[in-house]
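Taking it in order: structure first as structure tokens, then the write-up.
The values are calculated or read from the model by the stated rules, or taken from the named source; none is laboratory data. All values derive from a computational prediction rather than experimental measurement. Counting neighbours? That spans all protein chains shown, and the Cβs are built from the backbone with ideal geometry, glycine included.
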Amino acid sequence: MNLPKFLKIQIFCIVYILFFNFSAYSNEVKALKDFQDTDDKTYKAIQSSDYDISAINNGDVKLFYTDPLSFSRPQRNCVNDNCSSLLGVIKNAKKEIKFAIYGYSGQEKILSALKEAKQRGVKIYGIIDKDIRNYNIYKETDILLSQIDGIKSDYYEDLRVYNELQNNSNANFDIRSAIMHNKFFIVDKIYVWTGSTNITENCMSYNANVSALLKSKKIAQLYEKEFNQMYFKNKFHNSKSKNKIKNRNINIGNNTKISVFFSPQDKPISNELIPLINSANTYIYTPIFYLTHRGVIDSLIKAKKRGVDIKIIIDANSANNEYSKHELLRKNQIAVKTENWGGKMHMKSAIIDDKYIVVASMNWTNSAEKTNDENTLIIQNEQLAQNFKTEFLRLWQSIPEKWLLGDPQAESPDSINSCFDGVDNNHNGYYDSEEFYCKAVFN
């Protein structure tokens, strides 16, 4: 049949689009089936293995990761060592648990362990985030509040500051943007569990995260002083004062030095992170959720120009944020991959020169440094740095090379399992079949 050229082109385009949609659908379905076939087996294999904290000696630091490639959707149970390490310290608590967390969702084993600890006489004190509407981003936080007494929030302090600022026409600070963003536990004044992991099903099983478990009275003392400011003195955000006890280069083992910093009072990005980047000689590997701080950007560009190998993995949703600076880094020949997993890149970390690692709740943003309640560890330990580097490079290799040049949509066929995971991955109010970018998979 002799068809006009323009019609042949239209037919070719239609066939190509149909083929692409079918291929994307087939790949998504196959990926989902493969993960569903293994999810139950993996879950049964590891769900009962609580972490043995007797293996933690005084002065030890252990790192635990959440692998974003393990499951096809978030799991509402303790399914990896990141979660079971926290579960282990809670279950072994003898006298006291203090925690400051952003919120709670879908981690029944953690909640049950806290309830059981309280029943056996352990004193529990907790802090969560609330905004000036008395609202937490995770709805199930109210379940935690209803079942564990003694939990406070920054709500009243935020409301007080907000009302004061309303009467100050010269104020350049908006308390509505300030959050209590910590994720740490202090147990029996000697164990500290902290990092990027929220106590939620997404962070514990689906998003890339890292947590550190430390056994050190000195480190616990620093965290306790920070906690007590918030809990007993109702001081949050810019109302807090700096620690007066030593917080830098604390020797906690034969080969480990740790520095502890809190936001906003310590200004960890300007005073600690940027100088650390400036001192790098060989490499800087950074898995990061949000990267918008201009001072960090400038330091990374300078490091690249003096020959430092830089690799950055950034979250897909944050890459599509108008404030992200990753394209500026790319223009300066810095290798930035945008992850294409279903879950997020939620770490806020760096590995530098096989020597230093940064483990934190703090994103590399102005608000994280200047207004939020956050905590940051800088750990000097060659073995831990090499361990973390191995994990980073494994995640780096999992992301196709094409995402060095572009950014996948967080919820689309570009991002593995994101159209089938029951999560609103790009926070636009729609998920899976309702999401615009996923419609082609379902049609």
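Quick notes on this structure:
- Checklist (1) assigned to a loop (DSSP other than H, G, I, E, B); (2) over 13 Å from residue 360 (Cβ atoms); (3) touching a Lys or Arg at 6+ places or on another chain (Cβ under 8 Å) applied to residue 266, failing item: (2)
- Selection within the stretch 327-338 - in contact (Cβ under 8 Å) with a residue 40 or more places away in the chain and under 22 Å from the mean Cα position of the chain (by Cα): 335, 336, 337, 338
- Just one of the listed residues (324, 299) is hydroxyl-bearing (Ser, Thr, Tyr), assigned by TED's automatic domain parsing to the domain that holds residue 72 and part of a loop (DSSP other than H, G, I, E, B), namely 324.
- Selection within the stretch 52-90 - aromatic (Phe, Trp, Tyr) and more than 16 Å from residue 215 (Cβ to Cβ): 65, 71
- Selection count where residues are in contact (Cβ under 8 Å) with a residue 60 or more places away in the chain and out of contact with any helix residue (DSSP H, G or I) (no Cβ under 7 Å at 6 or more places or on another chain), scope the stretch 267-278: 2
- Matching residues, the stretch 270-324, being closer than 20 Å to residue 406 by Cβ and among the β-branched types (Val, Ile, Thr): 286, 288, 292, 297, 310, 312, 313, 314
- Residue in the stretch 306-314 that is in the same structural domain as residue 230 (by TED's automatic domain parsing) and in a helix (DSSP H, G or I) present: no
- Scanning the stretch 295-318 for residues that are surrounded by fewer than 22 Cβ atoms within 10 Å (Cβ to Cβ) and touching a residue at least 60 places away in the same chain (Cβ under 8 Å) gives a single hit, 311.
- Test: residue in the stretch 208-215 that is in contact (Cβ under 8 Å) with a residue 60 or more places away in the chain and either part of a loop (DSSP other than H, G, I, E, B) or surrounded by fewer than 19 Cβ atoms within 10 Å (Cβ to Cβ) (or both): no
- Flag: residue 415 matches the condition of being under 30 Å from residue 309 (Cα atoms), of a type in the set (Gly, Ala, Ser), in contact (Cβ under 8 Å) with a residue 12 or more places away in the chain and out of contact with any Ser or Thr (no Cβ under 8 Å at 6 or more places or on another chain).
- Among the residues of this structure, residue 72 does not count as one that is among the polar types (S, T, N, Q), in a helix (DSSP H, G or I) and either crowded, with 21+ Cβ neighbours inside 10 Å or assigned by TED's automatic domain parsing to the domain that holds residue 361 (or both).
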